[in-house]
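Below you'll find the structure, written out as structure tokens, and then a few comments.
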Amino acid sequence: MADISIRNVAKSYGKDSIMQGVNLEIRNREFVVILGPSGCGKSTLLRMIAGLEAITAGEIAIAGQVVNDLEPRQRGCAMVFQNYALYPHMTVAENIGYALKVAGVGRAERRAAVERVAQSVGLNEFLDRRPGQLSGGQRQRVAMARAIIREPRVFLFDEPLSNLDAKLRVQMRHEIRRIHNRIEATSVFVTHDQHEGMTLADRLVVMNKGTIEQVGTPEEIYDHPASVYVGGFIGSPAMNFLPGQVSAARAAVVLGDGQVLDLPRDVATAADGQLVQVGLRPEQLTIVAPGTAELQARVDFVEELGSGRLYHLLVEDLPLTVLSPDKHALRDGDAVGVTVRPDALHLFGAESGRRIDARGARVAAPQVVPA
Amino acid sequence: MIERTPVLNALTHVILVTGLLLLLFPVWIAFVAATHDMTAVNTAPVELWPGDQFLVNLEQAWAISDMGTKFTNTVIVAVGVVVGKIAVACITAFSLVFFNYRGRMLVFWLVFITLMLPLEVRIVPTYAVAANALSPFQAMLDATGLTALIATLSGVQVNLEWNLLNSYTGLILPLVATATGTFLYRQFFLTIPDELVEAAKMDGAGPIRFLIDVLIPLSRTNIAALATIMFVYAWNQYLWPLLIITDRANYGMVAVELGTLVPDQFTTGGGTPTWHLAMAGTLIVMVPPIVVVVLMQRWFVRGLINTDK
Ligand SMILES: Nc1ncnc2c1ncn2[C@@H]1O[C@H](COP(=O)(O)OP(=O)(O)OP(=O)(O)O)[C@@H](O)[C@H]1O
Ligand SMILES: [Mg+2]
């Protein structure tokens, strides 16, 4: 059992506060991915769980035990680093077995454990090599084996795949998920790659500037982004945003240029008169003949993707991208219509940036744990 | 850089060879002088080709200056300096780089300052300390009035004394207490990635384990470089042993002993100078440092340029 509770955790370096009031409950054996742009504090949060960074305020508990004052070795966490951090002077076998050696496990037993773990990540043939004689992918496996052998309660990954090429990255991603399913540990994985996050996570944690923006399954986060920030960050190509104002009388949102997009009546009523950002995902829009749809636009330019096309349109002067498998014969400057599925329309407060739903309130706000 | 520049290549080789000859010539002259008898050495012009007296001269020089004892002494001192220096430098740098404590910068600067005060500069105070290694503590006790206090309370006059003159300890300690090695180590430790330190922490290794299992193996080449430098440095010591060793027969070191072979009015009584013996002695004394440098050279170079890949 190793659930992790992060309660009101803050971090500052001297006077610089880089993380404020972070709350997060990670369940036992869950695979949680922390996603966010560079510098948002992902690594810092992970390192505070590991015990490599002091916690300025708040507390972190692993399996019900507050670990703020415990040494890293007492926390039962294993960590895989971005640059592998293998001991360059030790062989692969010594690298993998080092934690056991420190723990005082006997030579024969250690050797057996190393072989078993090496087998499971496909490293048998390399046990006598030095890290310098391995490829990037193999080093990554050694780093993983070194973490697995300790049978940790918590597995921490800090962008472990970012130094690998695209193909290997996918392969290792699958392998990490397989390992997680096999061993009985809770995994926390940090990345800034949304594909990695979406595919690996049981639950995603989206961070921005030292705070948590949203926690949820990848699907929830994709379908119901809690803020403009999350909407724009998750999904590729990125979500379109058009400014407008809600009108309850017309049950619609009126865009800057006077065009009108229908809204469910309850939403329109709840948010009557509010200035909003309308979020539209490129892959949920369809291009139709001009005049036959609610939204009129002009073609700016078109990108060929092979599997489909990315249409860059202009609504008045605002860019709107549409991703479609259909290959319309369109030329730059042509007028087109765009249909918007009602469930594909996301409303965010123009000021607050938070999602607006039927209650006119924020939804899927970060889980708050009673202090 | 890979470029085909035959003229430049030839020129650099000429410069290199000229430099080499300039450096080797005095050694050659010393060698030649050591192979002739007294008359030949002292006749002008200077001989440029070896004679047949080499072994005779070596034997005589060795016997006259009692080199056996002196060699043993110098080896003891040199090895002591090497071991002491490496231990002190390694631990000091370890503390300076990997720990965060109050006064760390102060320690760093104190160490740094000793770089600017080599033994030769502070030789008089160092001698005073060597004469009584506990004198600084005595001075502290006196200054704080503790001596007087203890004297009145218990009637015992505190008088700390630890004489290091005429001892191996006295020869070794002042040579160990310098900053060179500390800096070499510090620079190396600073290149150790943080992630490696953290990986060791996650693996459960405490600081001492980390030092022994990771840092020391990784700094093998630095150890070799430092050992070589310190061995040669200690081997060639002249001024310090000259000053504190009065019991030359038991504690004399080779470089000082060479002085007894160099002709002056005391050794030769104003007679004909025995250059052939002096040069033979010099050659003997040169051998151990050369052997050490040759043996350690591969490691030494790697340690100084710091590319253990
Ligand atoms: N030792 C430090 N002193 C001061 N500020 C620091 C220190 N370490 C990190 N920071 C700051 O903390 C913030 C978060 O850093 P962190 O390493 O957690 O980012 P990250 O989300 O992991 O980014 P990346 O994706 O680039 O790894 C950054 O703005 C960084 O400048
Ligand atoms: Mg990071």
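The values are calculated or read from the model by the stated rules, or taken from the named source; none is laboratory data. Everything numeric in this text was worked out from a predicted model, so none of it was measured. Every residue, glycine among them, receives a Cβ derived from its backbone with ideal geometry; neighbour counts consider all protein chains shown.
Yes/no per residue for (1) among the β-branched types (Val, Ile, Thr); (2) within 13 Å of ligand 2 (Cβ to nearest atom); (3) part of a loop (DSSP other than H, G, I, E, B):
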| position | (1), (2), (3) |
| --- | --- |
| A:43 | no, yes, no |
| A:54 | no, no, yes |
| A:73 | no, no, no |
| A:84 | no, no, yes |
| A:89 | no, no, yes |
| A:95 | no, no, no |
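What strands (runs of 3 or more DSSP E) lie completely within region A:257-368 and have 1 or more residues being outside the structural domain of residue A:58 (by TED's automatic domain parsing) and more than 24 Å from the chain's Cα centre (by Cα)? Give the steps one after another, and end with the answer.
Values: elements: A:260-262, A:275-280, A:285-288, A:295-304, A:309-315, A:318-324, A:335-340, A:345-349.
So the answer is A:260-262, A:275-280, A:285-288, A:295-304, A:309-315, A:318-324, A:335-340.
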Quick check: anything in region A:37-44 surrounded by 17 or more Cβ atoms within 10 Å (Cβ to Cβ), in the same structural domain as residue A:154 (by TED's automatic domain parsing) and more than 16 Å from ligand 1 (Cβ to nearest atom)?
-> no
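Within 14 Å of another protein chain (Cβ to nearest Cβ), out of contact with any strand residue (DSSP E or B) (no Cβ under 8 Å at 6 or more places or on another chain) and more than 16 Å from ligand 2 (Cβ to nearest atom): does that describe residue A:14? Before the answer, list the steps.
Working: within 14 Å of another protein chain (Cβ to nearest Cβ): yes; out of contact with any strand residue (DSSP E or B) (no Cβ under 8 Å at 6 or more places or on another chain): yes; more than 16 Å from ligand 2 (Cβ to nearest atom): yes.
In short, yes.
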Taking the residues in region A:72-128 that are within 25 Å of residue B:219 (Cβ to Cβ) and β-branched (Val, Ile, Thr) as candidates, determine which candidate is nearest to the other protein chains (Cβ to nearest Cβ).
-> A:102
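Report yes if some residue within region A:270-284 is out of contact with any Gly (no Cβ under 9 Å at 6 or more places or on another chain) and at pLDDT 90 or above; otherwise report no. Before you say what the answer is, go through the steps one by one.
If we filter region A:270-284 for residues that are out of contact with any Gly (no Cβ under 9 Å at 6 or more places or on another chain), which is where we start, we get A:273, A:280, A:284.
Filter again for at pLDDT 90 or above, leaving A:280, A:284.
Yes.
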Quick check: anything in region A:64-77 at pLDDT 90 or above, buried (at least 22 other Cβ atoms within 10 Å of the Cβ) and more than 23 Å from residue B:194 (Cβ to Cβ)?
-> no
Top-ranked residue of region A:21-36 - restricted to ones that are of a type in the set (Val, Ile, Thr) and within 12 Å of ligand 1 (Cβ to nearest atom), ranked as nearest to the other protein chains (Cβ to nearest Cβ) | A:34
Filtering region A:158-182 for residues that are touching a helix residue (DSSP H, G or I) at 6+ places or on another chain (Cβ under 7 Å) and either under 24 Å from residue A:89 (Cα atoms) or within 16 Å of ligand 1 (Cβ to nearest atom) (or both) leaves a count of 5
Starting from region A:30-46, take each residue that is closer than 14 Å to residue A:204 by Cβ and list its partners that are among the basic types (Lys, Arg) and assigned to a helix (DSSP H, G or I), counting only C-beta distances under 8 angstrom and pairs at least six apart or across chains.
-> A:31/A:177; A:34/A:42; A:35/A:42; A:36/A:42
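Yes/no matrix, rows are residues, columns are (1) over 17 Å from the mean Cα position of the chain (by Cα); (2) among the hydrophobic types (A, V, I, L, M, F, W, C); (3) not in a loop (DSSP other than H, G, I, E, B):
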{"residue": "B:149", "(1), (2), (3)": "yes, yes, yes"}
{"residue": "B:171", "(1), (2), (3)": "no, yes, yes"}
{"residue": "B:174", "(1), (2), (3)": "no, no, yes"}
{"residue": "B:182", "(1), (2), (3)": "no, no, yes"}
{"residue": "B:188", "(1), (2), (3)": "yes, yes, yes"}
With the checklist (1) under 20 Å from the mean Cα position of the chain (by Cα); (2) within 14 Å of chain B (Cβ to nearest Cβ); (3) more than 16 Å from ligand 1 (Cβ to nearest atom) in hand, flag the one item residue A:3 doesn't pass.
-> (2)
Mind checking which residues of region A:150-164 are within 10 Å of chain B (Cβ to nearest Cβ) and in a loop (DSSP other than H, G, I, E, B)?
-> A:150, A:152
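Within region A:195-202, identify whether any single residue is away from ligand 2 (no atom under 16 Å from the Cβ), within 14 Å of chain B (Cβ to nearest Cβ), buried (at least 19 other Cβ atoms within 10 Å of the Cβ) and over 19 Å from residue A:279 (Cα atoms), and answer yes or no. Before the answer, list the steps.
First pass over region A:195-202, keeping only residues away from ligand 2 (no atom under 16 Å from the Cβ): A:195, A:198-202.
Subset that is within 14 Å of chain B (Cβ to nearest Cβ): none.
There is no residue in region A:195-202 that is away from ligand 2 (no atom under 16 Å from the Cβ), within 14 Å of chain B (Cβ to nearest Cβ), buried (at least 19 other Cβ atoms within 10 Å of the Cβ) and over 19 Å from residue A:279 (Cα atoms).
Please indicate, with yes or no, whether at least one residue in region B:36-48 is modelled with pLDDT of 80 or more and in contact with a helix residue (DSSP H, G or I) (Cβ under 8 Å, 6 or more places away or on another chain).
Going residue by residue through region B:36-48, those that are modelled with pLDDT of 80 or more are B:36.
Narrowing the set further to residues that are in contact with a helix residue (DSSP H, G or I) (Cβ under 8 Å, 6 or more places away or on another chain) leaves B:36.
Yes, region B:36-48 has at least one match.
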Taking region A:303-336 and keeping residues touching a Gly at 6+ places or on another chain (Cβ under 8 Å) and surrounded by fewer than 13 Cβ atoms within 10 Å (Cβ to Cβ) leaves A:325, A:326, A:327
